[in-house]
Structure formats: C-alpha cells, structure tokens
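Peer 1: Provided herewith is a single structure, encoded as structure tokens, for subsequent inquiry.
Derivation of every value follows stated rules applied to the coordinates shown; laboratory data play no part. What you are looking at is a predicted structure, and each value in this text was computed from that prediction instead of being measured. Note: ideal-geometry Cβ built from the backbone for every residue, glycine included; neighbour counts use all protein chains shown.
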Amino acid sequence: MADRIMTVNAYTTLDLLDGRAQAHEFEEQALATLNVSAPRQSPEHVTLQLELDNTDLDHLPPHADSVTMTAEQARTLAGELIEYAERVETTEE
C-alpha cells in the first residue's frame, strides 16, 4: 500500500480485510487494514483505526480513520463483535 498513513507491522490487528468507502456521490472497494491499540504507558483509551489501500481508490485521498474509546466502550464493541460472529458461525453451520 503506497502512502500508508498507519504503521503496519507484525502487531497490527488485521491487515488484509475487504474494505468499502461509501459517500453520496460514490462507493469504492479496496483492501483495508484495521488496528486496535492503546498507549503503552498509562493507557486511558483504546484506539480503533481503519485505512483503505489508496492505490485502489479513485475518489479519496490517502487517509486513515480512527475512533478513541473508553475501556467500557471497547468492551461494548467487543461484546457486539462476539454476538455477531456467533450469528455468522451459526449460519455457516
């Protein structure tokens, strides 16, 4: 991925996902990187970052989106991910 904004290494959470950017004027698909992190020293928040491979995008400049969450918000998100993952697994069986 050229012009990468996020640092991607062996510790990156997920580095090859199917990504999509949607706006009123366009919709584009590209490979994506998703990372979850927290500061190493005195962490006060969890950060979730998403970056689409800009070599596959025509309408968006290179960028990465991120959200910062409290520990409680991160646990709520984790619970939702588990719930929906179980639903998908049940359907696949």
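Peer 1: Which one, [x] 14.0; [y] 18.4; [z] 15.0, gives Kirkwood radius over Cα pairs in Å as derived from the coordinates shown?
Peer 2: [z]
Peer 1: Rounded to the nearest 500, what is the 222 nm mean residue ellipticity of the chain from helices alone, with -39500 (n - 2.57) per DSSP H run of 4+ residues and division by all residues?
Peer 2: Values: 1 runs with 22 residues, N = 93.
When only DSSP H runs of four or more count, the value is -8500 deg cm²/dmol.
Peer 1: So, one more: Using Cα-Cα distances under 8 Å and only pairs 6 or more residues apart, what relative contact order does the chain have, in percent?
Peer 2: Numbers: 138 pairs, mean separation 22.1, N = 93.
The value is 24 percent.
Peer 1: Right, here's the next one. Could you check the simple spin-label distance between ASP3 and PHE26, using points 7 Å along Cα→Cβ, in nm with one decimal?
Peer 2: A separation of 1.1 nm, rounded to one decimal place.
Peer 1: Between HIS63 and ALA38, what is the FRET efficiency for a Förster distance of 22 Å, r being their Cβ-Cβ separation, to the nearest 0.05?
Peer 2: Approximately 0.50, to the nearest 0.05.
Peer 1: Further question on the same structure: In the neighborhood of MET69, defined by Cβ-to-Cβ distances under 15 Å, what is the net charge if each Lys or Arg adds +1 and each Asp or Glu adds -1? Mind dumping the intermediate values first?
Peer 2: Working: positive: ARG75; negative: GLU44, ASP65, GLU72, GLU80.
Net local charge, MET69 excluded: -3.
Peer 1: Picking from ARG40, ARG75, ARG20, which is most flexible by a Gaussian network model of the chain using Cα springs under 10 Å?
Peer 2: Per the Cα network of the chain with a 10 Å cutoff, ARG40 tops the list.
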